[in-house]
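Q: Please read through the structure below; I'll follow up with questions.
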Amino acid sequence: MRKEELRTPCYVVQKAKLLDNLRQLQEIREQTGCKILLAQKAFSMYALYPLIGEYLDGATASGLYEARLGFEEMGKENHVYSPAFREDEIDEVLKYSEHIVFNSFSQLEKFQDKAVKQGVSIGLRINPEHSTQGDHAIYDPCAKGSRLGITLENFRPELLEHVDGLHFHTLCEQNSDDLKETLKVVEQKFGTWMRRMKWINFGGGHHITREDYDKETLIECILHVKETYGVQVYLEPGEAVALNAGSLLTTVLETGKNGMDYAILDTSAACHMPDVIEMPYRPPLKDSGMPGEKAYTYRLGGPTCLAGDIIGDYSFDEPLESGKRLEFLDMAIYSMVKNNTFNGMPLPAIVLEEEDGECRIVKEFGYEDFKMRL
Ligand SMILES: Cc1ncc(COP(=O)(O)O)c(C=O)c1O
């Protein structure tokens, strides 16, 4: 099937672009000896896990279900971190994991005996309390009062006997200069204990596959830590794996006017691209411009009852008409993992576009997917 024939809305993941990202990540692994894991929270299209597993070392999970998915569908190194694991899930979590990262010494004390018994390598998430993010406080684990990671004040070296690794995650869509800056603080604060570790995990948020990303600085950072502390370095990017590797196809249902032109699409910001509202951001839209840049400007919104279900204002060369197809870009990440069926909205199908442009429907959803959750 060709892209033009697909029923909208649907997420279309482009294999060619995914492969391009994976090859870039593989190069970093080869040049540094670091290991790279897919952060499933960003992209869990498990039909592609066997392919991703050919280029990366494994997957990382935010809890039981992702841990199980990574274990069952990728079957390589499987890591898991959660701000707080549950007593009634920990045995199963450990069954799927090679590495487990605890968020506090309290969690370590609660669960380390079980982890040791199962031969699972234990890590601790540290919080260097050094923010390098400007705009998005919601994505800043170093923000004041953060529950994520152990601060220096709360660090208890006397409890490190079974701890093999340290993990920090502080970045979001950032370049390697911010990693370098963060690393300096991590070393100042936690360097003494980094020497006693087997591995250090730099977390995610590295926008490695973005065009302007400075890979040389990333490589320097990895080699520096590897050589100074004699540790295995891990990275666990989510976005970088599937960055710009998918789109969301949609169709204009209606147009109208209320002070300005608007169009109602068959996709919803609130349901199908929740980060547009949560983050918030304006997703790129193919063949469109900023408001006023082209002749016809429209406010694009979803068909839900939520007044704020607005994707953004975009301009076009021609007026929009009902039936016109539009393509939002960079929609593989944090989209299908976060979508919902508010208002009874159908979930978009998940489609894989092969390298020759042929499209294969991987998954379709219907009424039962809405009903079964309620
Ligand atoms: C602990 C951890 N690791 C990895 C990631 C992946 O980050 P990204 O998708 O920005 O690369 C996140 C994202 O929130 C995270 O919290």
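The values are calculated or read from the model by the stated rules, or taken from the named source; none is laboratory data. The shown structure was predicted, so the numbers you read here are calculated from the model rather than taken from an experiment. Every residue, glycine as well, gets a Cβ built from its backbone with ideal geometry; the counts of neighbours run over all protein chains shown. Areas reflect the complete protein model, heavy atoms only, side chains present, ligands, DNA and RNA absent. Shrake-Rupley method; radii C 1.70, N 1.55, O 1.52, S 1.80 Å.
Q: With respect to the numbered conditions (1) away from the ligand (no atom under 13 Å from the Cβ); (2) over 20 Å from ILE333 (Cβ atoms); (3) of a type outside the set (A, V, I, L, M), which one is the sole condition not fulfilled by TYR55?
A: In the conditions (1) away from the ligand (no atom under 13 Å from the Cβ); (2) over 20 Å from ILE333 (Cβ atoms); (3) of a type outside the set (A, V, I, L, M), TYR55 misses (2) alone.
Q: Further, regarding this structure: Of everything in region 358-369 that's surrounded by 11 or more Cβ atoms within 10 Å (Cβ to Cβ) and more than 23 Å from the chain's Cα centre (by Cα), which residue is farthest from VAL13 (Cα to Cα)? Step through it out loud before you land on a result.
A: Taking region 358-369 as the starting set, the residues that turn out to be surrounded by 11 or more Cβ atoms within 10 Å (Cβ to Cβ) are 358-365, 369.
With the extra rule that they be more than 23 Å from the chain's Cα centre (by Cα), the set shrinks to 358-360, 369.
Details: GLU358: 11, CYS359: 9, ARG360: 10, ASP369: 21 Å.
Per the stated criteria, the residue is ASP369.
Q: For region 17-38, name all the residues that are within 13 Å of LEU51 (Cβ to Cβ) and either free of Cβ contacts under 8 Å to residues at least 40 places away in the same chain or open to solvent by less than 50 Å² (accessible area, probe 1.4 Å) (or both).
A: In the first step, residues of region 17-38 are kept if they are within 13 Å of LEU51 (Cβ to Cβ); the result is 17-23, 25-26, 38.
Result: LEU18, LEU19, ASN21, LEU22, ARG23, LEU25, GLN26, LEU38.
Q: Within region 121-138, track down each residue that is without any contact (Cβ under 8 Å) to a residue 24 or more places away in the chain and assigned to a helix (DSSP H, G or I).
A: Passing the criteria: only ALA137.
Q: Out of curiosity, is GLY123 modelled with pLDDT of 95 or more, touching a Gly at 6+ places or on another chain (Cβ under 7 Å) and more than 12 Å from the ligand (Cβ to nearest atom)?
A: Working: modelled with pLDDT of 95 or more: yes; touching a Gly at 6+ places or on another chain (Cβ under 7 Å): yes; more than 12 Å from the ligand (Cβ to nearest atom): no.
No.
Q: Test of understanding: among LEU265, LEU253, LEU249, which residue is at pLDDT 95 or above, of a type outside the set (D, E, K, R), away from the ligand (no atom under 13 Å from the Cβ) and open to solvent by 60 Å² or more (accessible area, probe 1.4 Å)? Before you say what the answer is, go through the steps one by one.
A: Details: LEU265 fails: open to solvent by 60 Å² or more (accessible area, probe 1.4 Å); LEU249 fails: open to solvent by 60 Å² or more (accessible area, probe 1.4 Å).
Of LEU265, LEU253, LEU249, the one residue that is at pLDDT 95 or above, of a type outside the set (D, E, K, R), away from the ligand (no atom under 13 Å from the Cβ) and open to solvent by 60 Å² or more (accessible area, probe 1.4 Å) is LEU253.
Q: Quick one: in region 180-196, which of the residues that are in contact (Cβ under 8 Å) with a residue 60 or more places away in the chain and away from the ligand (no atom under 16 Å from the Cβ) is least open to solvent (accessible area, probe 1.4 Å)? Write out each step before concluding.
A: We begin by selecting, within region 180-196, every residue in contact (Cβ under 8 Å) with a residue 60 or more places away in the chain; these are 186, 189-190.
Adding the requirement that they be away from the ligand (no atom under 16 Å from the Cβ) leaves 189-190.
Numbers: LYS189: 55, PHE190: 0 Å².
Restricting to residues being in contact (Cβ under 8 Å) with a residue 60 or more places away in the chain and away from the ligand (no atom under 16 Å from the Cβ), the top hit is PHE190.
Q: Still on this structure: Report, ordered by the first and then the second residue, all pairs with beta carbons closer than 6 Å, sequence separation of six or more or different chains, a first member in region 330-352 that is closer than 24 Å to ARG210 by Cα and modelled with pLDDT of 95 or more, and a second member that is hydroxyl-bearing (Ser, Thr, Tyr) and within 16 Å of the ligand (Cβ to nearest atom).
A: VAL337/SER44
Q: When you go through (1) open to solvent by less than 10 Å² (accessible area, probe 1.4 Å); (2) more than 30 Å from VAL185 (Cα to Cα) one by one for LEU329, which number turns out not to apply?
A: Unmet condition: (1).
Q: Can you name the residue in region 140-149 that is in contact (Cβ under 8 Å) with a residue 40 or more places away in the chain and open to solvent by less than 70 Å² (accessible area, probe 1.4 Å) and is also nearest to the chain's Cα centre (by Cα) among such residues? Please lay out each step first, then the result.
A: Of all residues in region 140-149, those in contact (Cβ under 8 Å) with a residue 40 or more places away in the chain come to 147-149.
In the following step, the residues that additionally are open to solvent by less than 70 Å² (accessible area, probe 1.4 Å) were identified as 148-149.
Working: LEU148: 17, GLY149: 19 Å.
Among those residues, the one meeting the criterion is LEU148.
Q: Ok, one more. Can you tell me which residue among LEU152, LEU159 is open to solvent by 50 Å² or more (accessible area, probe 1.4 Å), farther than 19 Å from GLY230 by Cβ, more than 25 Å from the chain's Cα centre (by Cα) and without any contact (Cβ under 8 Å) to a residue 60 or more places away in the chain? Let's see the steps before the verdict.
A: Details: LEU159 fails: open to solvent by 50 Å² or more (accessible area, probe 1.4 Å).
Step by step, each of LEU152, LEU159 is checked, and only LEU152 is open to solvent by 50 Å² or more (accessible area, probe 1.4 Å), farther than 19 Å from GLY230 by Cβ, more than 25 Å from the chain's Cα centre (by Cα) and without any contact (Cβ under 8 Å) to a residue 60 or more places away in the chain.
Q: Check whether at least one residue in region 98-120 is of a type in the set (Asp, Glu), within 14 Å of the ligand (Cβ to nearest atom), open to solvent by 60 Å² or more (accessible area, probe 1.4 Å) and not in a helix (DSSP H, G or I), and report yes or no.
A: At the first step, the residues of region 98-120 found to be of a type in the set (Asp, Glu) are 98, 109, 113.
This time we only want the ones that are within 14 Å of the ligand (Cβ to nearest atom), so: none.
No, region 98-120 has no match at all.
Q: Quick one: is GLU236 open to solvent by 20 Å² or more (accessible area, probe 1.4 Å) and either among the aromatic types (Phe, Trp, Tyr) or assigned by TED's automatic domain parsing to the domain that holds GLY123 (or both)?
A: Numbers: open to solvent by 20 Å² or more (accessible area, probe 1.4 Å): yes; either among the aromatic types (Phe, Trp, Tyr) or assigned by TED's automatic domain parsing to the domain that holds GLY123 (or both): yes.
Against the criterion (open to solvent by 20 Å² or more (accessible area, probe 1.4 Å) and either among the aromatic types (Phe, Trp, Tyr) or assigned by TED's automatic domain parsing to the domain that holds GLY123 (or both)), GLU236 qualifies.
Q: Follow-up. So ASN244 passes all but one of these: (1) under 28 Å from the mean Cα position of the chain (by Cα); (2) open to solvent by less than 10 Å² (accessible area, probe 1.4 Å); (3) under 30 Å from LYS324 (Cα atoms). Which condition number does it fail?
A: (2)
Q: Sticking with this one: Within region 268-296, track down each residue that is exposed (fewer than 15 other Cβ atoms within 10 Å of the Cβ) and small (Gly, Ala, Ser).
A: Residues satisfying the conditions are GLY292, ALA295.
Q: Taking region 217-246, which residues are more than 16 Å from the ligand (Cβ to nearest atom) and under 27 Å from PHE43 (Cα atoms)? So that I can check it myself, show each step before the final result.
A: If we filter region 217-246 for residues that are more than 16 Å from the ligand (Cβ to nearest atom), which is where we start, we get 217, 219-220, 223-232.
Correct list: THR217, ILE219, GLN232.
Q: Report whether or not LEU159 is more than 16 Å from the ligand (Cβ to nearest atom) and not polar (S, T, N, Q). Give the steps one after another, and end with the answer.
A: Values: more than 16 Å from the ligand (Cβ to nearest atom): yes; not polar (S, T, N, Q): yes.
Here the answer is yes, as LEU159 does meet what is asked.
Q: Restricting attention to region 200-216, does a residue exist that is away from the ligand (no atom under 16 Å from the Cβ), crowded, with 18+ Cβ neighbours inside 10 Å and in the same structural domain as VAL120 (by TED's automatic domain parsing)?
A: no
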